[in-house]
Structures are given as C-alpha cells and as structure tokens.
Amino acid sequence: MITNQRELELAFESPFSEAEELELAAELLAISSEEELDLFLGKLFKGIGRGLKKFGRFVGKKVLPALGRGLKAIGKVALPIVGKALGSFIPIPGVGTAIGGAIGTAVSKALELEFSGLPSEEAELEMARRFVRIAATAARQAALADPRTDPETIANAALTAAARMHVPNLSAVVRGGNLEVGDTIHREWHVNSIQPRQSDQEAFLGDAWNSISTGARRLSGGVINMLHDCTPIEDRTSFAPKDKRKGKPRDMSKVYALVLHQTAGNQRNTPPDRYDGVTAHFVIKPNGQTLQLHPLTARLNASNGFNAGSVAVEFAGNFPDTRGKRYVYPNGASPQGVLTAEQIKAGRCLIRYLVKNMGLTHILAHRQSSASRENDPGPDIWYHVGQWAINNLGLRDGGQNFKVGSGNPIPDSWRTWGKAKQPELGEELFV
Ligand SMILES: [Zn+2]
C-alpha cells in the first residue's frame, strides 16, 4: 500500500523486482575475475534488452561496451569485491573510464555514508544492489540514444544520470566540497593521460551533477528536438501565464512521471497561442504539433496528487470512453474528438524525449489521481501512448491497483484496448 510520495519513489527505484535484484547482487559479490565481471554485465544488459524487445545494433556494438567500461570503473572503486577481482585491471584510456572512476569515488563515499549503520556484510550486499540498479538504469537510458551521438558521450550521460537517480547522497557529497573527490576526479583525468580542454571538464561536471536539469533547460529553451523522425517541440514558455507555476523551481531529480490528459475540448487545429492558458507542460494538437507551455521545473496544478513529481501533457480533443461516450458540457455540447495518428506519434516522441532528457521512468493517467477524471485520458490515448511506453520503453504505471487520493486504477480494458487495430506507425524506436 503506497501512502506517500517518498514511498512511491522508493517502490519504483529498481527496474528489477526485489528478488531479481538480490539474485544479481549476490552473483556480483561472487565474482572473482574480470572475465566473470564481463559475463555478469553481459547478462545484465541482456536482461534489460529483453524488457525493451531488443537493443539496436548501434547500442549493442558501440554504446554498451563503453557503458561496460564505465561500470567496471565505478565498480572497482565502489565495491570492494569487484575492486579485488579487478586488481590488475588497467583502466583503458578513455573519457568513459575516467568519469566512471570519478563517479565511483563519489558513489562509494555516498553509499558508505548511507549504509554506515549496517554490519559490513549487509552493507556490501546493499552496495551491490545499488550497483545493479545503476547499471540497469544506465543501460535502459543508453538504449534510447540517438545513433548520431558519440557512444562515450551517451555512456557517460547515462551513467551519471543513473548514479544521480539511485544514490540520494551523491550530489550532497560532491557539492559538500569534498576535496578528496575533487582530487580524484583530477587525478583520474591525469592517470588516463587525457588533457581535457577546460570545456570538457566543465561539460563533465555539468553532466555529472546537472544532467537532468540541464536537459530540462535545453528542452524549455526550445532547442531542436534531436530524436529521429520527431518534429521539434514549439517553445511557448515565455507566453504562457507565469502565475500557473507554483512555488520554487523543482528539483528535477524528484520528477519522474508524465501524466496523460485529454482536454475534452474541441479538436480544431487552432493557432498555438490559443492553448497558452491550458494548465499543462505540454499540449499535443490534432495535427501532432507539440507545444511546451511551461518549463519542466514548474510545478503546475494539473494532476492532483501527482503534481509534485510529474509533468503533464494534454491531448487536444474530447475522446470517448470504452462505451463510446464523450464528455457533455452543461450546454449540451459534446465535441466528437477522434485521436489522430499524428497525436499518437507526437505523444510517443514526447515520451522518448523525456526519457532521454529528464530520466522519465513512469507514465500515469489523470484518472489515477482524481475521481472526477474517470475518462482522463481515456482508452485510446492510454493504449496507444501510455501502454505503448510500458511495452516498448519499459516505463511503469504503478501497477494494477495503483492510484492516489480519490483516483481510480487504470482499467484492464485500457491496457489491451485496440490491440487488434493498432495503427501501423513503423519501427521508430531503434533506427
Ligand atoms: Zn486531466
């Protein structure tokens, strides 16, 4: 039974079940050579790959090896057992290794703090579990990478985001002016004979501790969407009313979900400025045009109990429930909205974009947090966008009975809705 935000976050921490994670952690602790560690990482990646159907060629051949090097370097520093197994492991000169080692040092310090009260054997197991989580999350992030990006860069960004996500003390340890960590980072640049330009070092630090918020800034800055086959998001953040943004900008490491909504309004392709007053971070128009109205850091009163940890997207249109019934306004009006293929595609693009830039892990329905929003977003949007993300990207919706406040769980009928008549949108995930 999930009763509050923190428990919700904890429940969702690992891509594996608790049993799987424990098994993998135990296996990791039994490793005695570099070859065994390679085999272990290979198996772990394969497990993640299954969840995503498959890894593309680019990810398998270029990104995962870079990720493996970074993970080994992290493991060497943060896990005593792995450190011993890799006693003779000479870091391969490369940015991935240097960053892996630097994160490893920070991770190790943060975890030591976190588990300082535990007997050493238990602490070791907990650290191994955390390593498994970091590896799994990083692999999943890396799997969504754009093939036009440098593999080392992808691996580094994925590792830093994953470490940041799964080690709560990490930022504090680094920001706390821990000289030793700073020194280590410096030494490792040196050991690996990299003479980084100042901008590389800055980029590294930026990546390591701000990857998520940097992504958020980039997104709200309206930089062209780099995803293959996706149209750019139109930036309306300077036009939408600022008083909808409540409180201080959010800590993006605590924002993990996208909540799907339908406007229940008309489905005409009205000009973008007509949507500025909508209370959502994004609006997807019938022609697939995606508008960003508020920065991801803005807390909006859009999704009831989900507001703190989520961003909201509204699909423009009045869409039917499973019985074909649509919302009827007090004056009797009931626009006859039909979800378009362009909206489905834009919704999927938005999710991929948020996974990549915000570390999105969950997809939710407004229905789950509000009794009065039973058909929000409705079966069509849920099946073609939400369920698609669960089946193809490994995102989670909280599970069968999950709801908060007065909300209702996702009906089973939504999860399988339209299975037989899913529009053929082509292989857009791995190109
Ligand atoms: Zn809603």
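The values are calculated or read from the model by the stated rules, or taken from the named source; none is laboratory data. Here the structure is a predicted model, which means the values were calculated and not measured. A quick note on method: Cβ atoms are made from the backbone with ideal geometry, for glycine too, and the neighbour counts reach across all protein chains shown.
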Helices (runs of 4 or more DSSP H) wholly inside region 326-418 containing at least 3 residues that are under 30 Å from Ile154 (Cα atoms): 341-358, 388-393
field: All positions within region 250-272 that are touching a strand residue (DSSP E or B) at 6+ places or on another chain (Cβ under 7 Å) and within 16 Å of the ligand (Cβ to nearest atom)
entry: Ala257, Leu258, Val259, Leu260, His261, Gln262, Thr263
message: Just the residues that are modelled with pLDDT of 75 or more and in a helix (DSSP H, G or I), please, taken from region 166-180.
response: His166
- prompt: Going by the structure shown, is Arg367 charged (D, E, K, R), within 15 Å of the ligand (Cβ to nearest atom) and closer than 30 Å to Gly247 by Cα?
  reply: yes
task: Sort out which residues of region 310-334 are within 16 Å of the ligand (Cβ to nearest atom) and not charged (D, E, K, R), and write them in order of number.
output: Ser310, Val311, Ala312, Val313, Phe315, Ala316, Gly317, Asn318, Phe319, Pro320, Tyr327, Tyr329
